[in-house]
Every structure is written in C-alpha cells, then in structure tokens.
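Structure first, then comments.
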Ligand SMILES: Nc1ncnc2c1ncn2[C@@H]1O[C@H](COP(=O)(O)OP(=O)(O)OP(=O)(O)O)[C@@H](O)[C@H]1O
C-alpha cells in the first residue's frame with residue numbers, strides 16, 4: 001500500500017497539514033508513525049485508513065478490510081460491550097454466529113470478558129481502549145491502523161498491543177501505528193515514518209529485524225495444513241520432525257533458511273507464533 005504525494009488541509013483556506021507525503025508499507029510489514037504533537041500523525045493515519053480523503057494525491061493498494069482504532073475510543077454510545085462488538089462484527093461482514101464467536105474470543109483474549117454486559121459509557125479509559133482493539137480484530141484486517149494504542153493502557157495491557165499487531169502481520173496484513181511514547185522498541189524491524197511539517201521521511205528501526213526460531217507443536221494429523229499456513233503467512237518452515245518425547249513439532253521461523261532450530265528445553269527465544 002502506498003501514499004503517493006498526499007497533501008491535506010482541513011479547510012479550503014486552512015494550512016496544509018500534510019504536504020506531498022509519500023510512504024509505503026508492504027504485506028506483513030508494520031510502520032510506526034513518529035513526530036511531535038500536532039505534526040500530523042493522526043491525520044496521516046486517517047488518510048491511510050480512508051477516514052479522511054486527501055486534498056491532493058492518493059492512496060494506492062489499500063486492502064479491502066481496514067480496521068482503525070482512534071486514539072480515544074468513542075465510548076459515548078448507549079450499548080453494552082457485547083451488543084456493540086456483535087454489531088460491529090456484523091458490519092465487518094461476519095455472520096451472526098461468526099460475530100458471536102469472534103466477540104467471545106477477543107473479549108477473552110483481551111481480558112474484558114467480564115465487561116460484556118457493561119454499557120460503554122461506564123467503562124474506564126483503558127477498558128474502552130481494549131474494546132476498540134477487540135472491535136478492530138473481530139475480523140482480521142488487511143490494514144490495521146492504531147492511533148497511539150498504548151495510551152490509557154496499563155502495563156500488562158500494553159503487552160497485548162504487539163501481539164495484536166503480530167497477528168495481523170502473520171496473516172499477511174499491514175499495520176500502521178503512531179507512537180509518541182517511544183514504544184517502538186517493542187516492534188523491532190518496523191518501518192518508521194517520521195512526520196515533520198507535513199512531510200514523511202522513511203527509515204527502518206534498528207536495522208533488519210533480528211531473526212528468531214519458534215518451535216510449534218501440532219498434532220501429527222495437522223502438520224500439512226499448519227506448514228501450508230505458515231508458508232502462506234510468509235514464514236520459513238525449516239523442518240518437520242517427530243518429537244522424541246510425546247508429540248511432533250513443526251518448526252516455524254522467520255530466520256534465513258538452513259538454521260537449525262534450538263533444541264527443546266534450551267530456552268529458544270520467543271517470536272512470532274502462527275496459529
Ligand atoms: N478536524 C480538524 N480540523 C482542523 N484542524 C485539525 C483537525 N484535526 C487536526 N487538525 C490540525 O492538524 C494538525 C495535525 O493534527 P494531528 O492530530 O494530525 O497531529 P498529531 O501529530 O496526531 O498530534 P498529537 O500527537 O497531538 O495527536 C494540528 O495542527 C491540528 O490542530
């Protein structure tokens with residue numbers, strides 16, 4: 001997906017907030033949008049998400065399914081968490097049963113299952129933010145846009161954000177995330193889009209991503225399907241071997257081919273895990 005010479009001003013005679021911004025993010029890639037307060041990060045994200053239309057220029061190759069999580073979740077709505085999320089799941093194209101399943105899954109994964117019957121205006125800011133994240137993930141988006149997702153979340157909940165991002169990337173999606181808290185250390189290898197005076201400068205954070213090997217155990221009957229899914233998500237499957245103990249293990253890695261996976265029990269570093 002590419003922003004090509006995007007310029008935007010909010011009013012006809014207003015100042016230009018974005019000026020010929022040009023940036024690209026590919027499948028399975030995350031770009032962190034940096035810049036001082038008021039630089040235009042939120043504006044850029046909304047243009048990328050299709051919430052705002054550029055005054056000039058265009059966005060090319062935007063995936064069909066986009067999820068946008070604004071900096072502040074719009075909690076001023078008279079619905080319970082469950083009603084809101086189920087309705088949003090239907091809007092995202094899920095069947096009634098699929099929406100119910102997705103709501104169950106994501107409220108559990110984000111630790112807000114106990115709030116399903118609570119009305120949105122009664123939620124704390126952090127819980128409301130998690131509802132926003134859940135809404136974004138009910139159907140895995142091709143583009144996930146997160147505006148300051150760490151804001152308002154406690155330390156434990158902040159750990160969830162990279163997991164959510166990783167899930168989208170593992171499915172071949174793209175992620176844009178703005179950050180003024182220097183949390184990018186949690187996203188090694190991310191592209192960096194620095195917004196200054198409405199223009200975008202691109203770089204990579206900390207060079208190429210460090211590669212790790214992740215060992216994944218699957219039932220023997222599901223090896224072929226798992227290997228196919230891992231490959232289609234862009235991972236390298238280094239080898240498949242029977243486990244010497246009780247189970248077979250499939251090895252997933254983002255590392256270059258030929259690396260031998262760490263032996264079980266040696267504390268192999270964790271990394272992206274495909275389900
Ligand atoms: N709806 C709007 N109408 C007019 N001007 C706006 C609107 N939204 C943002 N602006 C202006 O556009 C500029 C960029 O705002 P934007 O919110 O994109 O910056 P930001 O980098 O995300 O800032 P922050 O880090 O404070 O969220 C600011 O000068 C802001 O006042």
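Readers should treat all values here as calculations from the given coordinates under stated rules, not as data from a laboratory. Small disclaimer: the values here were computed from a predicted structure and weren't measured. For neighbour counting, all protein chains shown are included, and Cβ atoms are generated from backbone atoms with ideal geometry for every residue, glycine included.
Here are some notes:
- Label-to-label distance, residue 216 versus residue 163, with points set 7 angstrom from Cα along the beta-carbon direction: 1.7 nm.
- Packing-based exposure ordering (other Cβ within 10 Å, fewest first) of 67, 124: 124, 67
- Summarising the strand pairing of the range 60-180, around 10 percent of its internal DSSP beta bridges are antiparallel.
- Ascending count of other beta-carbon atoms within 10 Å, so fewest first, for 213, 51: 51, 213
- Value of relative contact order over the range 76-128, rounded to a whole percent, pairs C-alpha under 8 Å and six or more apart: 52
- Going from the residue with the fewest nearby Cβ atoms within 10 Å to the one with the most, 10, 84 rank 10, 84.
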